[in-house]
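Here's the structure we're looking at; comments come further down.
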Amino acid sequence: MSELKARTARSIANEEEMLEMGSGESIEQLLVYPKSEADKVIAEKNEEIVGLRADYKEACDRLQTAGLIKDEQKAKADKLLSCLKYLVMRDLIKDCPSKKVATEIVKEYDNGL
């Protein structure tokens, strides 16, 4: 609660009233915080918590969306690889530099790289 402005008990009440409360500490050592200030700090902290929770939820949603996009991209890549593999295995691609590249790609993925 460092944001609060502490006041000594002497500035709030006289020594006799504090002794009646049974604080057990000397009046000079006893610090108190006005309730209005404490309530204000608590309200600010609660607002900060609400904001942090919203940021956390937004970040989680983004990560989940990114994961879904990644899954969709992987599914498309797997389908493309399957088609490419079919063309290479059936020798349906004419001899050209692209055939060599396609064959290398299929070999890499078949080896798990």
Listed by first then second residue, the pairs whose first member lies in the range 84-111 and is without any contact (Cβ under 8 Å) to a residue 24 or more places away in the chain, whose partner is surrounded by 11 or more Cβ atoms within 10 Å (Cβ to Cβ) and part of a loop (DSSP other than H, G, I, E, B), with beta carbons under 7 Å and at least 6 positions apart or on separate chains, are L87/I93; K99/I93; A102/I93
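Does any residue of the range 55-74 turn out to be within 36 Å of the chain's Cα centre (by Cα) and in contact (Cβ under 8 Å) with a residue 24 or more places away in the chain? Break it down into steps so the answer makes sense when it comes.
From the range 55-74, those within 36 Å of the chain's Cα centre (by Cα) are 55-74; that's our starting set.
Then drop every residue that is not in contact (Cβ under 8 Å) with a residue 24 or more places away in the chain, which leaves none.
No: zero hits.
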Margin query: With the structure loaded, tell me whether I49 is at pLDDT below 80, under 27 Å from the mean Cα position of the chain (by Cα) and exposed (fewer than 11 other Cβ atoms within 10 Å of the Cβ) or whether it fails that test.
Written below: no
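The values are calculated or read from the model by the stated rules, or taken from the named source; none is laboratory data. Everything numeric here is computed off the predicted structure, so don't read it as measured data. Here the Cβ is made from the backbone with ideal geometry for all residues, glycine too, and neighbour counts use every protein chain on show.
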